[in-house]
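Beneath this line is the structure, given in structure tokens, with notes to follow.
The values are calculated or read from the model by the stated rules, or taken from the named source; none is laboratory data. Note that the coordinates shown come from a computational prediction; the quantities given were computed from them, not determined experimentally. Note that each Cβ is placed from the backbone with ideal geometry, even for glycine, and that neighbours are counted across all protein chains shown.
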């Protein structure tokens with residue numbers, strides 16, 4: 001594959017918004033229908049805030065992207081992957097598509113695509129979003145992830161957080177924030193940043209090693225589940241003071 005240019009989240013999101021994902025969105029809507037019981041549907045209007053059509057469509061696009069695998073024939077996919085590596089490591093050279101170098105930014109092996117099961121291209125888009133909006137913070141997270149004693153798999157960790165936010169998105173628990181932000185993707189990104197950073201702070205503040213990584217991840221995800229708005233407030237405070 002040929003690397004064309006560095007990209008940012010805003011341009012990538014616009015590109016994905018313009019492509020036809022009709023079949024993937026149909027699958028998303030079917031999953032919503034299958035996940036709701038009769039009583040969920042009966043009492044939904046009383047217990048949950050319904051999304052305006054435009055925000056619901058954007059939410060469906062987010063979930064549809066998780067069904068798109070990394071495509072070696074799509075140059076944008078490779079641009080995203082290259083940008084993440086170059087931005088984090090500072091290396092100017094073009095990185096080969098396969099090789100052990102991907103482990104440096106937290107992939108498991110020679111082929112990053114194999115780690116995207118469950119999150120699809122959305123997993124890479126979220127890593128790119130963190131770099132676009134909070135580059136220095138994300139670089140601090142990456143630096144700790146490469147520490148000799150306190151290392152952890154940064155990219156794999158990000159994909160776990162993407163999955164967790166997707167699960168909450170499907171249950172409609174985040175609807176109030178999506179409506180308040182007037183954007184599904186802006187709210188989704190905020191919850192992703194906040195949960196990922198919460199994991200990092202737990203890991204860092206406790207001087208954890210990889211053995212404690214599952215504990216840090218479970219606590220961060222539980223914070224997302226039980227107190228999502230508090231998580232956002234904590235993140236916004238930290239992101240403006242550090």
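Return the residues of the range 198-223 that are assigned to a helix (DSSP H, G or I), over 19 Å from residue 134 (Cβ atoms) and more than 19 Å from the chain's Cα centre (by Cα); say none if nothing qualifies.
210, 211, 212, 215
Output the residue which, of all residues in the range 24-50 that are surrounded by fewer than 10 Cβ atoms within 10 Å (Cβ to Cβ) and at pLDDT 55 or above, is farthest from residue 184 (Cα to Cα).
Ranking the qualifying residues of the range 24-50, first place goes to 34.
From 83, 114, which residue is within 20 Å of residue 141 (Cβ to Cβ) and in a helix (DSSP H, G or I)?
One residue alone meets the criteria, 83.
Any chance you could count how many residues in the range 136-159 are part of a helix (DSSP H, G or I) and either touching a helix residue (DSSP H, G or I) at 6+ places or on another chain (Cβ under 7 Å) or surrounded by 23 or more Cβ atoms within 10 Å (Cβ to Cβ) (or both)?
The total comes to 13.
For the structure I just gave you, tell me whether residue 181 is over 21 Å from residue 86 (Cβ atoms) and without any contact (Cβ under 8 Å) to a residue 40 or more places away in the chain.
Yes: the conditions hold for residue 181.
Test of understanding: among 180, 187, 176, which residue is closer than 24 Å to residue 11 by Cα and over 19 Å from the mean Cα position of the chain (by Cα)?
180
On the basis of being assigned to a helix (DSSP H, G or I) and more than 21 Å from residue 148 (Cα to Cα), does residue 195 make the cut?
Values: assigned to a helix (DSSP H, G or I): yes; more than 21 Å from residue 148 (Cα to Cα): yes.
Considered against the rule, which asks whether it is assigned to a helix (DSSP H, G or I) and more than 21 Å from residue 148 (Cα to Cα), residue 195 comes out as yes.
To keep it simple, each residue is scored yes or no on (1) surrounded by fewer than 16 Cβ atoms within 10 Å (Cβ to Cβ); (2) at pLDDT below 95; (3) in contact with a strand residue (DSSP E or B) (Cβ under 9 Å, 6 or more places away or on another chain).
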{"site": "58", "(1), (2), (3)": "no, yes, no"}
{"site": "65", "(1), (2), (3)": "no, no, no"}
{"site": "77", "(1), (2), (3)": "no, no, no"}
{"site": "80", "(1), (2), (3)": "no, no, no"}
{"site": "84", "(1), (2), (3)": "no, no, no"}
{"site": "96", "(1), (2), (3)": "yes, yes, no"}
{"site": "111", "(1), (2), (3)": "yes, no, no"}
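Out of everything in the range 62-80 that is assigned to a helix (DSSP H, G or I) and in contact (Cβ under 8 Å) with a residue 60 or more places away in the chain, what residue ends up being farthest from the chain's Cα centre (by Cα)?
Step by step, filter the range 62-80, then rank; the result is 75.
Limited to the range 160-173, what total is found for residues that are more than 17 Å from residue 203 (Cβ to Cβ) and either modelled with pLDDT of 95 or more or in a helix (DSSP H, G or I) (or both)?
Applying the first criterion (more than 17 Å from residue 203 (Cβ to Cβ)) to the range 160-173 yields 162-163, 165-173.
Of the ones still in play, those that are also either modelled with pLDDT of 95 or more or in a helix (DSSP H, G or I) (or both) are 162-163, 165-170.
So the answer is 8.
List every residue pair whose Cβ atoms sit under 6 Å apart, with the two residues 6 or more apart in sequence or on different chains, where the first one lies in the range 90-106 and is touching a residue at least 24 places away in the same chain (Cβ under 8 Å) and at positive phi and the second, anywhere, is surrounded by 12 or more Cβ atoms within 10 Å (Cβ to Cβ) and in a loop (DSSP other than H, G, I, E, B).
Listed pairs, sorted by first residue: 106/153.
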